[in-house]
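Heads up, the thing below is written out as structure tokens.
The values are calculated or read from the model by the stated rules, or taken from the named source; none is laboratory data. As the structure is a computational prediction, the values presented were derived from the model and not from experiment. Virtual Cβ from ideal backbone geometry, glycine too; neighbours counted across all protein chains shown. We work out accessible area using only protein heavy atoms, side chains counted, and drop any ligands, DNA or RNA first. Shrake-Rupley method; radii C 1.70, N 1.55, O 1.52, S 1.80 Å.
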Amino acid sequence: MAFLVIEGPEGTRKQTLEAHNKLGRHPDNTIQILDRIVSKEHCHIDQVNGQWVLKDLGSLNGTYMGKDRVGTHALRSGDVFSMGSTQITFQAEDRGPSQSPSPKVSSGVVVGGARGAVLRGGQGQKAQDSGDHRRRDPEAAGDTVESQAPEGDRSRVTLSPQRVESHIHSRIQPIVDQAFQPETQVTSESHLRSDYEKLRVSYEVIRTIGVELDIRKLSEKILDCAFQLLKPDRGVVLLHTADEALWAGSGIETEGGLRGEGALHPVCVRSRDGKDEEVVLSSTITSEVLRDRAGILSSDASMDARFEGAHSIIMQGIRSTMAVPLLYSGQVLGMLVVDSQVATNAFTDKDLELFQNIANQAAIAVQNSLFAGKLEREARTRQRFERLLSPAIAEQVVSGKVEIQKSGELRDTTILFTDIRGFTAMGEAHSPQSIVDMLNEYFEQMVEIIFRHEGTLDKFVGDEIMALFGSPVSHVDDAERAVRTAVEMFECLKVLNETRTRRGEPPMEVGAGISSGEVVAGYLGSSRALEYTVIGDVVNTGARLCSKAGPGEILVGESTYDRIRDSFECELLPPTQVKGKAKPLNVYRVVHGS
């Protein structure tokens, strides 16, 4: 199946191709390219006689293969073409790395409840994606969700309160802060041996885990270490998914029912001999581990459903089980479970203590992985917001000090529009590359001025800049900041035009319009492409004032004038009729030095 990898201002995404595809800035296109340099309908990609063909639609800024502008081009897998600042790679088929997706679990998996969670796995294999296929296990007292996995990989993990009866032999409270006595206070060989064993286990775990940050791979390495040190028959890593902020982007997919107290997600399962069998975990045991935050050593017996009413137990598979919590700073991240089907006393109290030591080291590694993912996501978020907001405001948004409402909120905002006069004629008289270079140089300096006054860059529309003052962060002098920004932009433009003249390039002439009032501010767009913006009559008025402004003019509406009249000299113009308004508007020209 052919697809495109699109790298642009909004990040990187993958888009599967249809037989006929329209690419452009307008949302009606098959593939929307949110790039200010891209035309509304920029190009087509069609499948013609088994061949994929790229056709530019006469766009202003062109479609390029490398440095060459193309009209029609037969695409080959791996071809890279660009439009505006967006780079697109064509692939004839998906050749991504084969990797098992994270296991999904049904929404009913709650430890201590009557429903069960199932995860396929085999010796040395990653957990497989359970998909959406579910069936009722007629022999189970609780519900079971069966994963979709390759034939021959039939081991399952089930949390069940009724199919397993457990007899708890030992409990151990985890000592997360491993205390080692000073050498002068060691009074017995047993203490020395105990401390040595703690150090040995810690070393083995750290050596095995290394600096792995991928949760699934980390879980596999944790089980590797447990199998090496304890020799169990089977092992399972169960992790909490209650904290969405930490788990987002970790590669572990969760469903709504998995979030909340006591919710566990089986991430990895290992069988020593690769038997295709069901792994049933007692939810009585797992619930107690979570509640008391204590490791447990128990013997478990499977129950025969025929004798449940008589409280009889048929010892069909007596096994030893150890379950220990993954604790970090008092928070339970999940648990590790291993069992042996050899005998009831396959594990000892010393094994339980050793297993808890493994869990202590594993918990640190799991938390490091989650924190690393969180930091990476925050960095991406900060980078995205810094394209729109000043660095100081972007930091407030990322840290949560400033909250942006996705549903929209009413905000008093001043909107500044600037527009290059005669831009269309310039586009016809100069090459697309020179136009792009001119805009980038111009935008770079103008945006710095907007950010300096703590404004928000809403968007670029061709040669037009739209900036907000009062959304998402408001100041008492937002209107003055907007006018001051426009004045400084014209002063900067004067210097820029002097440089352009020395280079033999034509100067740019810009007009500005400013309007103030109440707008709805928030995220707008599709689930795949959201942008922060404002909507309201104030926005339309600002755009109309900008269109009326001549070169070097700053026009403001009456609402803005009322807020700046004591700070800026303004001239009242004759009543001005603008598009979309039934009555003429009172418009003022800001007097400035440019």
Next on the checklist: Any residue at all in segment 552-572 that's of a type in the set (S, T, Y), farther than 27 Å from V476 by Cβ and surrounded by 14 or more Cβ atoms within 10 Å (Cβ to Cβ)?
Outcome noted: no
Item to check | Condition broken by S547, with the remaining ones in (1) touching an Asp or Glu at 6+ places or on another chain (Cβ under 9 Å); (2) open to solvent by less than 40 Å² (accessible area, probe 1.4 Å); (3) of a type outside the set (K, R); (4) over 22 Å from L410 (Cβ atoms) satisfied | outcome: (2)
Next on the checklist: For segment 320-364, give me the residue count where each residue is touching a His at 6+ places or on another chain (Cβ under 9 Å), within 27 Å of Y196 (Cβ to Cβ) and polar (S, T, N, Q).
Outcome noted: 2
Checklist entry - Pairs under 8 Å by beta carbon, first residue closer than 21 Å to G552 by Cβ in segment 418-439, partner among the polar types (S, T, N, Q) and part of a helix (DSSP H, G or I), six or more apart or different chains? => result D419/S547
Checklist entry - Out of all the residues in segment 525-545, is one or more closer than 19 Å to G462 by Cα, over 37 Å from the mean Cα position of the chain (by Cα) and among the hydrophobic types (A, V, I, L, M, F, W, C)? => result yes
Next on the checklist: Among the residues that make up segment 314-328, is at least one of them touching an Asp or Glu at 6+ places or on another chain (Cβ under 6 Å) and modelled with pLDDT of 75 or more?
Outcome noted: yes
Checklist entry - Could you say whether any residue in segment 517-537 is part of a loop (DSSP other than H, G, I, E, B), surrounded by 21 or more Cβ atoms within 10 Å (Cβ to Cβ) and of a type outside the set (A, V, I, L, M, F, W, C)? => result no
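Can you confirm whether segment 472-482 contains a residue that is hydroxyl-bearing (S, T, Y) and either open to solvent by less than 50 Å² (accessible area, probe 1.4 Å) or part of a helix (DSSP H, G or I) (or both)?
no
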Item to check | Residue that is open to solvent by 20 Å² or more (accessible area, probe 1.4 Å) and at pLDDT 65 or above, where the choices are K350, K406, K401 | outcome: K350
Item to check | segment 1-39: number of residues that are among the basic types (K, R) and either closer than 14 Å to Q91 by Cβ or exposed (fewer than 13 other Cβ atoms within 10 Å of the Cβ) (or both) | outcome: 2
Checklist entry - Does T485 qualify as being touching a residue at least 24 places away in the same chain (Cβ under 8 Å), assigned to a helix (DSSP H, G or I) and surrounded by 14 or more Cβ atoms within 10 Å (Cβ to Cβ)? => result yes
Checklist entry - Looking at segment 329-345, which of the residues that are within 20 Å of R272 (Cβ to Cβ) and buried (at least 18 other Cβ atoms within 10 Å of the Cβ) is modelled with the lowest pLDDT? => result S340
Next on the checklist: Suppose we filter segment 538-578 for residues that are in contact with a helix residue (DSSP H, G or I) (Cβ under 8 Å, 6 or more places away or on another chain), part of a strand (DSSP E or B) and not aliphatic (A, V, I, L, M); how many remain?
Outcome noted: 3
Checklist entry - Pick from segment 492-508 the residues that are outside any helix (DSSP H, G or I) and over 15 Å from L439 (Cα atoms): which of them is least open to solvent (accessible area, probe 1.4 Å)? => result G504
Checklist entry - From the set of residues in segment 381-398 that are among the charged types (D, E, K, R) and surrounded by 13 or more Cβ atoms within 10 Å (Cβ to Cβ), which is modelled with the lowest pLDDT? => result E386
Checklist entry - Taking segment 408-451 on its own, how many of its residues are over 17 Å from R500 (Cα atoms) and in contact with a strand residue (DSSP E or B) (Cβ under 7 Å, 6 or more places away or on another chain)? => result 14
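For G427, indicate whether it is of a type outside the set (V, I, T) and open to solvent by less than 10 Å² (accessible area, probe 1.4 Å).
Numbers: of a type outside the set (V, I, T): yes; open to solvent by less than 10 Å² (accessible area, probe 1.4 Å): no.
No; evaluated as a whole, the condition is false for this residue.
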